[in-house]
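What follows is a set of notes on a single structure, which appears directly below.
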Amino acid sequence: MVITLPFVSLEGVSYTYSGRKEAAVNNINLSFNKSEKITVTGANGSGKSTLAKLILGLLKPQKGKIILDNRPVDRYSLVEIGEKIGYVLQNPNQMLFNTSVYNEIAFGLKWKAKSKEEVRSLCKKYLDLFQLWEIRHEMPFNLSEGQKQLVVISAVLALQPSFLILDEPTKSIDTFRRKILADILQEIWRQGTGIMIISHDFELIAGFNGRRIHMVKGEIVEDEGGYKN
Ligand SMILES: Nc1ncnc2c1ncn2[C@@H]1O[C@H](COP(=O)(O)OP(=O)(O)OP(=O)(O)O)[C@@H](O)[C@H]1O
Ligand SMILES: [Mg+2]
């Protein structure tokens with residue numbers, strides 16, 4: 001029998017923001033594999049984004065432990081975690097720091113030591129997904145919320161991560177581009193990329209057809225449709 005260890009596991013994880021009485025995430029037990037597709041739903045303030053930030057090592061739990069690929073998450077640098085999990089935070093403004101849309105996509109590719117030609121062809125390919133090529137010279141700061149979100153999504157997709165966490169990826173996105181994004185996510189999942197989507201977009205979630213996790217007041221109250229259920 002082959003025992004496969006989960007890609008990520010959380011054991012008894014709790015996190016309370018400083019100055020808060022209630023825990024944002026309370027005693028979470030959760031594990032998932034690298035090839036899963038998972039949706040996380042829950043009311044505003046139920047702890048979804050906090051859960052994602054804990055998995056990504058952006059917040060450190062006060063209680064419990066988080067293992068990523070067989071190692072405690074706090075033993076990785078943020079860059080190493082970023083190499084294992086591509087992510088889009090709920091607020092795209094926290095992720096945009098380059099002087100042009102093009103450089104926003106190119107930055108990570110250059111970091112991965114891609115050649116100049118490869119960088120250009122991947123930038124073109126991923127900006128074309130959402131018709132962003134024509135605004136490649138714009139400053140990300142000046143874009144609409146939806147455009148910012150799409151730039152951040154394109155940048156993470158261009159890196160072809162093996163696992164992807166998206167926090168409210170469709171929040172400001174029009175119906176046409178939502179459909180494109182939903183199709184891309186299904187396609188990359190079929191090709192082997194695990195995906196966790198945090199979303200209030202029930203159309204996206206229903207079409208995604210993955211393991212469904214529902215949070216209430218910092219706790220997971222439903223976990224259905226996964227491998228273990
Ligand atoms: N930086 C912070 N400082 C203090 N409290 C915070 C901070 N960020 C979140 N919280 C609190 O933690 C709880 C969980 O917030 P979180 O952002 O994880 O919820 P969420 O499920 O992602 O909500 P939404 O659907 O609105 O994005 C909320 O009570 C929130 O007010
Ligand atoms: Mg959130």
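The values are calculated or read from the model by the stated rules, or taken from the named source; none is laboratory data. None of the values given here were measured: they were computed from a predicted structure. Ideal geometry is used to build each Cβ from the backbone, glycine not excepted, and the neighbour counts take in all protein chains shown. Ligands, DNA and RNA are stripped out before the accessible areas are found, and what is left, the full protein with its side chains, is counted by its heavy atoms. Shrake-Rupley method; radii C 1.70, N 1.55, O 1.52, S 1.80 Å.
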Neighbour net charge for GLU203 - beta-carbon separation under 11 angstrom, K R +1, D E -1:
+1
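Given LYS53/LYS124; LYS60/LYS110; LYS65/LYS112; LYS37/LYS179; LYS34/LYS112, which pairs have Cα atoms separated by over 25 Å? It would help to have the intermediate numbers written out before the result.
Working: LYS53/LYS124 30 Å; LYS60/LYS110 29 Å; LYS65/LYS112 30 Å; LYS37/LYS179 17 Å; LYS34/LYS112 21 Å.
Result: LYS53/LYS124; LYS60/LYS110; LYS65/LYS112 exceed 25 Å.
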So who's got an amide H within less than 5 Å of the one on ARG212, skipping anything under 5 residues away but keeping other chains? H placed 1.01 Å off N, in plane.
THR39, GLU224, GLY225, GLY226
Accessible surface, the stretch 24-177, averaged per residue in Å² (probe 1.4 Å)
48 Å²
Indicate the gyration tensor shape class of the stretch 84-203 (rounded, prolate or oblate), computed on the Cα atoms with a ≥ b ≥ c the square roots of the eigenvalues: a/c under 1.5 is rounded; otherwise a/b larger than b/c is prolate and the rest oblate.
oblate
Accessible area of the chain with a 1.4 Å probe: how many percent of it is carbon plus sulfur?
52 percent
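Please give the net charge around GLU11, taking every other residue with its beta carbon less than 10 angstrom from that of GLU11, where Lys and Arg add +1 and Asp and Glu add -1.
Details: positive: LYS63, LYS65; negative: none.
Neighbourhood net charge equals +2.
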Of HIS200, PHE176, GLY218, which is farthest along the charge dipole of the stretch 168-229 in the positive direction, counting Lys and Arg as +1 and Asp and Glu as -1 at C-beta?
PHE176
Within the set LEU181, LEU58, LEU89, GNM on the chain using Cα springs under 10 Å gives the largest fluctuation to LEU58
Cβ-placed point charges (K, R +1; D, E -1), dipole of the chain about Cα centre in debye, nearest 20
460 debye
In whole angstrom, how far apart do the alpha carbon centroids of the stretch 1-73 and the stretch 82-152 sit?
27 Å
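Using the crude model of +1 on Lys and Arg Cβ and -1 on Asp and Glu Cβ, and no other charge, please compute the dipole size for the stretch 1-98 relative to its Cα centre, in debye to 20. Don't jump to the answer; show the numbers that get you there.
Details: 12 positive and 7 negative charges, 41 e Å.
Using only the charged Cβ atoms, the result is roughly 200 debye.
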Calculated from backbone phi, Karplus (6.51, -1.76, 1.60) coupling profile of the stretch 59-75 in Hz, x at Gly/Pro
10, 10, x, 7, 9, x, 9, 10, 10, 10, 6, 6, 9, x, 4, 6, 9
